[in-house]
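Every number in this text was worked out from the coordinates using simple rules, so none of it is lab data. Since the structure is predicted, the reported quantities are computational estimates derived from the model, not experimental observations. With ideal geometry, Cβ positions are generated from the backbone for all residues, glycine too; neighbour counts draw on all protein chains shown.
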Amino acid sequence: AGPLALARDLLAEDGEPFFVLNSDVICEFPFAALARFHRQHGGEGSLVVTRVEEPAKYGVVVCEADTGRICRFVEKPRVFVSNKINAGLYIFSPGILQRIQLRPTSIEKEIFPAMAQEGQLYAMELQGFWMDIGQPKDFLTGMCMYLQALRAQHPEKLHSGPGVVGNVLVDPSAKIGANCVIGPNVTIGAGVVVEDGVRIKRCTVLKGARIRSHSWLESCIVGWSCSVGQWVRMENVTVLGEDVIVNDELYLNGANVLPHKSIAESVPEPRIIM
Amino acid sequence: LKAVILIGGPQKGTRFRPLSFEVPKPLFPVAGVPMVQHHIEACAKVPGMKEILLMGFYQPHEALSRFLVSAQQEFKIPIRYLQEYAALGTGGGIYHFRDQILSGGTEAFFVLNADVCSEFPLQEMLEFRQQHGDAHSFVILGTTANRTQALNYGCIVANADTQEVQHYVEKPSTFVSEIINCGIYLFTPAIFQHIGDVFQRNQQELVLEESSNGWQRAEVIRLEQDVFTALAGSGKLYVYKTDGFWSQIKSAGSAIYASRLYLNQYSKTHPERLAQNKSGGPIIRGNVYIHPTASIYSTAVLGPNVSIGEGVTVGAGVRVRESIVLHGASLHDHTCVLNTIVGWDSTIGRWARVEGTPSDPNPNDPYAKIDSETLFRDGRLTPSITILGCSVTIPAEVVILNSIVLPHKELSRSYKNQIIL
């Protein structure tokens, strides 16, 4: 929260409320509804909550059912308190800036509890999907959710054609070879080249990467400008950083590879390659 | 001049399972032809060879009979199978059938173990005996191993000038010699006298003990422990040392290694058996054997060290390396098969990866031999060649790593480091 104090002058300038977003969150951002909700209750801050199956992994919010006023926060509760968690999207009135000093501050631990006690903090429930995509595994899950929402709202943006299965997003500048089967749940970035006979499922392939022929990828993130060789098998949340080269005929199972590495040996069990 | 090839029986060669469930181990194809055909070809080439006898305790078997018929036709030499009534050991069998071996006035005969892979320097052994011994000397073919691995074999200590064997120990626990027994011998009829002595000794010992298996045990004679150990230092036994390639074939992994050795030899002895790159055909790297009836897409990449059997189909964009694909098997598009033996009539689905771990000897040590590794170490399956038994089905897009799949299994998911019953 400290950085908000840095931007104090800019934020307070016009006296209007301002949004604050955690960047490692993906959802169908309900900006208009959140702004309306905030004006209606007139409190100092509003945050978006979402329902999850395992709330103990997150910060849990307890609030009044009819008004949405937040009573208290419990961080990573050990017994079940509520299944609504802080989704990391906020809107604040400029008055909040008086609570925040220019020092490292956790908004959840230091600012919100005080606001909740004073009855100044309200929660709006999120509609649609939500995912914290800070970990590669969750990033891929979030990607699947996003593509599913895209299918419902803008199906024309998804890729279709022979060899395309399910929800697939392909940049117009990418090239896909013959006899490939791509999808479900694949995103392919700009300038990517996928050679013949490649099978890709549940992956993100970033800009400029090349996947050589006959390889098989499932649940992977292929970084910018990577080169994946022929007959390579990658699975189980293998993540390749920028400019990684994977030699032909290797097997990568859960490998996390730091940028600019060359991989010349298979990685049969998950590990980090520095 | 005759040759006896010891082919063992079903109780022997258990390390070769599950492959030995389908076909007797001596008939398993190595570099495209049955293991024992390499022996027969080498024997048939020796001038003066009158007859080849296969000896073992397999029951009469259709595959074996058919093989004998076709081998006789191809090599134009009488070949017979002598069936031992029980497992009589490496010496007991030839002793039991000594009349057959000696019939027709045999002056000398070779004895070869079927489960070795070798250059078979038989002519050289004959010449060596003329130079170093006399008409009554026996010769063991020896080769050099490294100090640690030599303990797994029969060790030979020989006089540096005369090559006479002074001492012989089978699988010692401490270092004795780096020269090891290759399992290929040259004998004269006099050997039966020495084997007979062992037989007499066995019988006498049994009279002293009380045992219900007495009659069978006396006839079980091991050439190595019982005969060579006694003959060492007597001036009758010599060793001919070879630098040519040699390996035991005990496990499936060693079959792939032996294939590589024989495929290498083909460039000199059978260049027609090595596949060549040609337009419309698959891409060939290194030494590859492809049976004429196999059908292979031109975008497949095969080799090095690959044998493709009869009627095999290999789809588009398939990669096969260091593997044996047995007859009738089918590899679908984009599969990757490495360090694997694919069993008869098996199927591997699209994009599947079937991979084993090679157990090759250390390439930096010229005398290193392939390890006869144990199946388990520290409670876990040792990474080794992946073996698919006969009629196994591997579904599309899975990975099978370091696993052994027993015959007729239809898998439904990936497996690693497992034996699948």
Task: Euclidean distance of C-alpha centroids, the stretch A:146-162 and the stretch B:292-306, integer Å - done: 40 Å
Task: Using alpha-carbon coordinates, inclination of helix B:191-208 to the longest axis of chain B, degrees - done: 80 degrees
Task: Amide H contacts under 5 Å for B:Ile5, placed H, 5+ residues apart - done: B:Leu53, B:Leu54, B:Met55, B:Leu112
Open item on the list: What is the distance in Å between the Cα centroid of the stretch B:61-118 and that of the stretch B:357-406?
Closed with: 32 Å
Open item on the list: Using +1 at the C-beta of Lys and Arg and -1 at the C-beta of Asp and Glu, which of B:Val207, A:Pro30, A:Trp231 has the Cα lying farthest in the positive direction of the dipole of the protein assembly as shown?
Closed with: A:Pro30
- [ ] Arrange the peptides B:196-205, B:38-47 so that the one whose residues have, on average, the most other Cβ atoms within 10 Å appears first.
- [x] B:38-47, B:196-205
Task: Orientation-averaged projected area, Cα convex hull of the stretch B:25-145 (nm²) - done: 8.5 nm²
- [ ] Quick one: work out the % antiparallel among DSSP beta bridges in chain A, nearest 5.
- [x] 30 percent
Task: Share of Cα-Cα pairs in the stretch B:1-74 lying beyond 17 Å, as whole percent - done: 43 percent
- [ ] Just tell me how shielded A:193-199 is by partners: mean number of partner chain Cβ atoms within 10 Å of each residue's Cβ, no decimals.
- [x] 3
Task: Vicinal HN-Hα couplings computed from phi for the stretch B:336-352 (Karplus, 6.51 cos²θ - 1.76 cosθ + 1.60; Hz; Gly/Pro x) - done: 10, 10, 10, 6, 9, 10, 9, x, 3, 6, 7, 10, 10, x, 4, 6, 6
Open item on the list: Please compute the contact order of chain A in relative form: average sequence separation of alpha-carbon pairs under 8 Å and at least six residues apart, divided by the residue count, as a percent.
Closed with: 12 percent
Open item on the list: Quick one: the Cα spread of the stretch B:352-421 along its three principal axes, in angstroms, biggest first?
Closed with: 42, 24, 19
Open item on the list: As an exercise, find the ratio Rg/Rh for the protein assembly as shown from alpha-carbon atoms, using the Kirkwood inverse-distance average for Rh.
Closed with: 1.18
Task: Cα long-axis angle, helix B:35-44 against chain B (0 to 90 degrees, to the nearest 10) - done: 50 degrees
Task: Considering only chain B, percent of DSSP beta bridges that pair antiparallel, nearest 5 - done: 30 percent
Open item on the list: Using only Cα atoms and rounding to the nearest 10 degrees, what angle (0 to 90) does helix A:31-41 make with the longest principal axis of chain A?
Closed with: 10 degrees
Open item on the list: Please compute the contact order of the stretch B:275-419 in relative form: average sequence separation of alpha-carbon pairs under 8 Å and at least six residues apart, divided by the residue count, as a percent.
Closed with: 15 percent
Open item on the list: From Cα pairs below 8 angstrom and at least 6 apart in sequence, can you work out the relative contact order of the stretch B:49-163, rounded to a whole percent?
Closed with: 20 percent
- [ ] Pull up the DSSP beta bridges for the protein assembly as shown and report the antiparallel fraction as a percent, rounded to 5.
- [x] 30 percent
- [ ] Report ³J(HN,Hα) in whole Hz for each residue of the stretch A:173-189, in order, from the Karplus equation J = 6.51 cos²θ - 1.76 cosθ + 1.60 where θ = phi - 60°; Gly and Pro get x.
- [x] 8, 7, 10, 10, x, 7, 6, 8, 10, 10, x, x, 6, 10, 10, 10, x
TODO: Bin width 5 Å, alpha-carbon pairs only: give the P(r) of the stretch A:136-272 as whole percents, running from 0 to the bin holding the largest distance.
DONE: 3, 12, 22, 27, 20, 11, 5, 2, 0
Open item on the list: Need one word for the stretch B:275-419: rounded, prolate or oblate. Basis is the Cα gyration tensor (sqrt eigenvalues a ≥ b ≥ c); a/c below 1.5 gives rounded, then a/b vs b/c decides.
Closed with: oblate
TODO: Could you pull out every residue, at least 5 positions away or on a different chain, whose amide H is within less than 5 Å of the one on A:Gly59? Hs are placed 1.01 Å off N in the peptide plane, and Pro or chain starts have none.
DONE: A:Lys76, A:Asn86
Task: Convex hull of Cα atoms in chain B, direction-averaged projection (nm²) - done: 21.4 nm²
Open item on the list: List the residues, sorted by chain then number, that are 5 or more residues from A:Gly163 or on another chain and whose placed amide H is less than 5 Å from its amide H.
Closed with: none
